Amino acid sequence: MGGAGAGVSALLSVEKLNAAYGDAQVLWDVDLTLQAGEIAALLGPNGAGKTTLLRTIAGLLRPTAGRIVWDGAPLEGLGAHRTVSRGIALVPEGRRLFAGMTVTENVRMGAYLRSQRADVHEDLDWIFDLFPQLAARRRTQAGALSGGEQQMCAIARGLMARPRLLMLDELSLGLAPVMVDRIVEMLRRVHRERGTTMLIVEQDVQMALELASRGAILEVGRIVRRAEARELMDDPRVKTAYLGL
Amino acid sequence: MIAQEILNAILIGGIYASIGIGFSLVYGVMNLLNLVHGAVIMLAGYVTYAMFRAWGLDPFLSIPVTMALFFAFGYLVQRLLINRILAASVLMSLILTYGIDLVLVNVVLLVWKTDLLAVTPAYAGASWTVGSVVVSKVRVGIFLVSALLTVLMYLFLDRTRTGNAIKAAALDREAAQLVGVDTMKIYAITYGISSALAAASGSMLATIYTLTPTIDGIYLGKAFVVAILGGLGNITGAVVGGLALSFAESLGVFFLGPSYQEVIGFSIFLLVLIFRPYGLVGRRFYAEI
C-alpha cells in the first residue's frame, strides 16, 4: 500500500480523493494504492473516514474531487452496481444482510450479475465448504443468525461476486474472539486459493496487522502514515494509540 | 341471506387483494405512498370502456392490453419523475403523486366528460343459481383472474432474478446496490408492475361498477385500507387485508345497511392503525415482502 504513483502495476490507485456528506468534508486528498494480490489494512480512530473511503471506492458515495483508478480505468462516479461488475466487492459495516431472505438466498444474491450458472454453482459449493457452519444453516433466515454467522454470510455474499478486490469493513465488530479467529483463518484460505486482493478496515488492530502485509493510518480524513504491517506493529506510537499496550 | 353475503365477500375480496398488493409492493420497496394507484385503476377502466365501445373488445380480453399499457406508463413515471424525488421528504412524494393523480383525473374529464359509463358485455347479468344463492358469472371470473395474478406475482418475486432483486432492494437498498442491483431500474419495474396490477383490476371493475371521474379516490381508499390491514409493504398481508375488508363491508351492509359500506371500511382502518399498526399479519423482519 503506497502513495500515488507507487508502482505502475497498481491494481487500485486512489489519487487526491476528497469526499463529503453534504457540507461536512470527511476525506482530504487521500492517496492510496493497492498491488494485485496484497492484503492491506486501513487503521485509525473512530470517525477518521475509513468507512467513507471504502464507501467511496465502492461507488456508494461520489467523491467531490480526486480520482480512483482501477485496473487502468477511472472508477469514480460509476455508481455502486457498476463498480461490482468491475470486480470490487464491499462487505459493509454491520453486515447489511437481506434479513428476510435465507442464507442461501443471500449468498446467491452476491452472484446477481453473473450469468454462468455452472460457475455460480461451483462457487456456492466452494463457499459452503469454506463455511461449514453456514452450510448447516442454509435455510435459516439471515436475520435469525448469530453475529458471527451473519458476518460469514456477508463475506460469502461478497465473495460470490468473484471480486478481484474484497473490502471488509469492521468484520470483527461485536464478535467473540474465537469467531474472529475462525473468520480470519478462512480469509487466509481465500487469499491462498483465489489470490484475492483485500482491503480491511478494523478496530482490532492486532488482528488486522497479523492478516495484512501493509497498513495505512487515517486520521481526521488524511493518511498520516504508511508502512509494512510488521513495522507498524513494533511502532511504540501505534502501540499506545491503537493496541492499548 | 348470509350465505349470499359471504360468497359476495369472497369474490370481491380477491380483487381487493390484488388492488392492495400493487399498492403495498410500491410502499414495501421504495417507501412510497403512491396516490396515483386509484387513478390508474380508474383510467384503465375508461380505456377498457373505449376499446369495448370502439372494437367490441371483451373487458377480460382487454386485460393484457391495459396491463402492458400501464406497465409502460408506470415504468416511465417512476424512471422520469418519482426516482428524482425519492431522496427528498415524504411530503414531496405525496405532492408529486397527488399531482400525477390530478393530471390523470383531468385526462378522464377531458376525454370522457362526467357521464356515467358502464362496460356491459352480453354476459354481464348472467349467473348460476345454487340453492338460494345467486352466483354472478362476471364476479367469479374477476375472482379467478385476481387469484391468478396474485399467484403469478408471488412466483415472480420468489423465483425470478428480477423478483429477487426487487425483494433485495426492499430489504436493504444499499446492500442491493453492493451486489450489483441497479435500484433505480428495479424501482421503475416495481412501479410498472404495481400499475399493471392496478390496470388489470380497473379493467375488471369496470364491468361491475359504473365509471365516474371521481372513482379514483374510492379505489385509492380501498388500496390504502387493504394495505394497512395487511401491514404496509407486506404482500401476503395484502391478501388477508383484501378478504378482511370485503368481509367487513359485506357483513356491515347486511346488518347495518348499504349506506354504511365506506364507514365500516375506514373504521376498521382506524382501529387497525391504533391497535395493530403493523397490520393483522405480523412480520419477523422489517420490509419483508
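For the stretch B:210-277 and the stretch A:88-129, what is the separation of their C-alpha centers, rounded to whole Å?
Here the two parts' Cα centres lie 40 Å apart.
Work from the charge dipole of the protein assembly as shown (Cβ charges, +1 for Lys and Arg, -1 for Asp and Glu, about the Cα centre) and give the residue of B:LEU157, B:SER146, B:VAL130 farthest towards its positive end.
The listed residue farthest towards the positive side: B:VAL130.
Please state the charge dipole magnitude for the protein assembly as shown, taken about the Cα centre, from unit charges on C-beta atoms (+1 on K and R, -1 on D and E), reported in debye and rounded to the nearest 20.
Values: 45 positive and 40 negative charges, 106 e Å.
In debye, rounded to 20, the protein assembly as shown gives about 500.
Distance between Cα centroids, the stretch A:192-245 to the stretch B:68-85: provide it in whole Å.
For the stretch A:192-245 versus the stretch B:68-85, the Cα centre distance is 48 Å.
Nearest 20 debye, what's the magnitude of the dipole of the stretch B:21-217 about its Cα centre given +1 on Lys and Arg Cβ and -1 on Asp and Glu Cβ? If you can, show how the numbers build up before the last one.
Values: 11 positive and 8 negative charges, 41 e Å.
Roughly 200 debye, rounded to the nearest 20.
Nearest 5 percent is fine: what portion of the DSSP beta bridges confined to the protein assembly as shown is antiparallel? Could the numbers behind the result be given before it?
Working: 28 of 45 bridges.
Rounded to the nearest five, the antiparallel share is 60 percent.
Please give the peptides B:195-208, A:217-230 ranked by average Cβ packing (other Cβ atoms within 10 Å per residue), highest first, as a rough proxy for protection. Mind showing how you got there, number by number?
Values: B:195-208: 28.4, A:217-230: 17.3.
Answer by packing, highest mean first, reads B:195-208, A:217-230.
Pick from B:ASN31, B:ASN83, B:ASN106 the residue whose mean-square fluctuation is largest in a GNM of chain B, springs joining Cα atoms under 10 Å.
In the Gaussian network model the winner is B:ASN106.
Compute the separation of the alpha-carbon centres of the stretch A:8-74 and the stretch B:1-53 and state it in Å as a whole number.
The distance from the Cα centre of the stretch A:8-74 to that of the stretch B:1-53 comes to 49 Å.
Rounding to the nearest 20 debye, state how big the charge dipole of the stretch A:25-130 is about its Cα centre with +1 on each Lys and Arg Cβ and -1 on each Asp and Glu Cβ. Spell out each step's value before the answer.
Details: 11 positive and 12 negative charges, 93 e Å.
Dipole of the stretch A:25-130, to the nearest 20 debye: 440 debye.
Using alpha carbon coordinates only, what is the Rg to Rh ratio of the stretch B:163-207, with Rh defined as the Kirkwood radius? Write down the numbers at each step before the final one.
Details: Rg = 13.7 Å, Rh = 11.5 Å.
Across the stretch B:163-207, the Cα-based Rg/Rh ratio is 1.19.
Just the accessible area for B:LYS185, please: 1.4 Å probe, Å², rounded to the nearest 10?
Surface accessible to solvent at B:LYS185 totals approximately 100 Å².
Which three lengths, in whole Å and largest first, does the stretch B:21-217 cover when its Cα atoms are put on their principal axes?
Result, largest extent first: 57, 38, 30 Å.
Using the Kirkwood formula on the Cα atoms of the stretch A:126-245, what hydrodynamic radius do you get, in angstrom to one decimal?
Values: mean 1/r = 0.0643 Å⁻¹.
Roughly 15.5 Å, rounded to one decimal.
Using only Cα atoms, tell me the angle between helix B:183-205 and the longest principal axis of chain B; keep it within 0 to 90° and round to the nearest 10.
Once rounded, one gets 0 degrees.
On the full set of protein chains, 1.4 Å probe, figure out the accessible area of A:LEU61 and give it in Å² to the nearest 10.
30 Å²
Ignoring ligands, DNA and RNA, how much accessible area is buried between chains A and B, both sides summed, with a 1.4 Å probe, to the nearest 100 Å²? Kindly include the intermediate steps, with their values, before the conclusion.
On the way: alone 11330 and 13230 Å², together 22530 Å².
Adding both sides of the contact gives about 2000 Å².
For every helix of n ≥ 4 consecutive DSSP H residues, a contribution of -39,500 (n - 2.57) applies; sum these over the protein assembly as shown, divide by its total residues, and give [θ] at 222 nm rounded to the nearest 500 deg cm²/dmol.
Values: 20 runs with 286 residues, N = 534.
Theoretical 222 nm ellipticity from helices: -17500 deg cm²/dmol.
Would you check the accessible area of B:TYR209, probe 1.4 Å, heavy atoms only, in square angstrom rounded to 10?
About 80 Å², ignoring ligands and nucleic acids.
Please compute the average number of Cβ atoms from other chains found within 10 Å of each residue's Cβ in peptide A:142-151. Don't jump to the answer; show the numbers that get you there.
Details: counts 2, 5, 2, 0, 0, 0, 0, 0, 0, 0.
Shielding by partners across A:142-151 averages 1.
Please compute the Cα-Cα pair-distance distribution of chain A with 5 Å bins starting at 0, giving whole percents from short to long.
Histogram of Cα-Cα distances, whole percents per bin: 1, 6, 14, 18, 20, 17, 12, 8, 3, 0, 0.
Within a 10 angstrom radius of each residue's Cβ in A:92-103, how many Cβ atoms of other chains show up on average? Whole number is fine. Could you put the intermediate results ahead of the total?
On the way: counts 4, 0, 1, 2, 7, 4, 13, 8, 12, 7, 0, 0.
Taking all residues of A:92-103 together, the mean is 5.
Where is the GNM fluctuation largest for chain B (alpha-carbon springs, 10 angstrom cutoff): B:VAL151, B:VAL77, B:VAL29?
B:VAL151
Stick to Cα atoms and the Kirkwood definition of Rh, then tell me Rg/Rh for the protein assembly as shown. Write out the running numbers ahead of the final one.
Working: Rg = 27.9 Å, Rh = 25.8 Å.
The Rg/Rh ratio comes out at 1.08.
What's the ranking of A:141-154, A:66-79 by average number of surrounding C-beta atoms within 10 Å, highest first? Show your work: numbers first, answer last.
Numbers: A:141-154: 21.0, A:66-79: 16.0.
The peptides rank, most packed first, as A:141-154, A:66-79.
Kirkwood hydrodynamic radius, the stretch A:99-161, all distinct C-alpha pairs: what's the number in Å? Numbers along the way, then the final one.
Details: mean 1/r = 0.0883 Å⁻¹.
Result for the stretch A:99-161 stands at 11.3 Å.
Taking the stretch B:11-131 as the region of interest, what is the percent of Cα-Cα pairs per 5 angstrom bin, listed from the shortest bin to the one with the maximum distance?
The percentages, shortest bin first, are 2, 9, 16, 21, 18, 14, 9, 5, 3, 1, 1, 0.
Just grab the label-to-label distance for A:ASN18 and B:MET1, each label 7 Å out from Cα along the Cβ direction, in nm (one decimal).
Between A:ASN18 and B:MET1, the label points sit 7.6 nm apart.
Long-range amide H contacts for A:VAL26: which residues qualify at under 5 Å (H placed 1.01 Å from N, peptide plane, sequence gap of 5 or more or a different chain)?
Answer set, sorted by chain and number: A:ALA19, A:ALA20, A:TYR21.
Considering only B:ALA17, B:ALA54, B:ALA176, give the residue with the highest GNM mean-square fluctuation for chain B, with springs between Cα atoms whenever their separation is below 10 Å.
B:ALA54
Please give, to one decimal in nm, the separation of the simple spin-label points placed at B:LEU57 and A:ARG114, each 7 Å out from Cα toward the Cβ.
4.4 nm
Shielding by partners for B:182-193, please: the mean number of other protein chain Cβ atoms within 10 Å of each residue's Cβ.
Values: counts 6, 3, 2, 1, 1, 0, 0, 0, 0, 0, 0, 0.
What the average comes to for B:182-193 is 1.
Pop a pseudo-label 7 angstrom from the Cα along the beta-carbon direction at both A:ARG67 and B:LEU155 and give the gap in nm to one decimal.
Result: 5.2 nm between the two label points.
The values are calculated or read from the model by the stated rules, or taken from the named source; none is laboratory data. Please read these numbers as outputs of a predicted model, since none were measured by experiment. So basically every Cβ, Gly included, is an ideal-geometry build from the backbone, and we count neighbours across all protein chains shown. We work out accessible area using only protein heavy atoms, side chains counted, and drop any ligands, DNA or RNA first. Shrake-Rupley method; radii C 1.70, N 1.55, O 1.52, S 1.80 Å.
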